[in-house]
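The values are calculated or read from the model by the stated rules, or taken from the named source; none is laboratory data. This structure is a prediction, so every number in the text was calculated from the model and none was measured. Cβ placement follows ideal geometry from the backbone for every residue including glycine, while neighbour counts extend to all protein chains displayed. Ligands, DNA and RNA are excluded from the accessible area calculation, which covers all protein heavy atoms including side chains. Shrake-Rupley method; radii C 1.70, N 1.55, O 1.52, S 1.80 Å.
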Amino acid sequence: MEATTLEKQLDEFQLIRSSLLSDEKIIFLDEADVWTHLTREHEDPTTIGLIGFKKPGTSARFRLDIDASLVSFVVEVPALYEGRIAQPIPPPIITVKGDQITRAEQDRWQEIIQTQLEQIEDTECVKHPLPKLYYLR
């Protein structure tokens, strides 16, 4: 992963993290320690280099949890994603998870997500679609 690509992804994560409400949290699922450190270091440049962390070996995959909600959202960010929904790079994959939801509810949520992604793709300004999708919640 190139530094500029990683930088653009970290910009998006920072936008999302700064927009979270008190009952919402992001949990990185793969290489959690590396991704968490990189996002915090990106938010607070005074910590750069204090701990020797490597670049992530996997694409970012995180879960957005909302307290008192039956669903959570898992986001898989393609390695080459740079904050724009544009071909040939595929958009992030967003899935709905929940232990206590029916298949019909999960399908309904997936339809909502797909509709929101299509609305973002149809706008002229498609920079930072992950935060925009988050704002449409």
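Of note:
- Rounded to the nearest 10 Å², the accessible area of Thr95 at probe 1.4 Å: 40
- Projecting the Cα positions of Ala79, Thr115, Ile89 onto the charge dipole of the range 62-117 (unit charges on Cβ atoms of Lys, Arg, Asp and Glu, taken about the Cα centre) puts Ile89 furthest along the positive direction.
- For the range 61-115, accessible area per residue (1.4 Å probe, heavy atoms of protein chains only), Å²: 61
- Exposure of Leu80 as accessible area (Å², to 10), given a probe of 1.4 Å and all protein chains: 110
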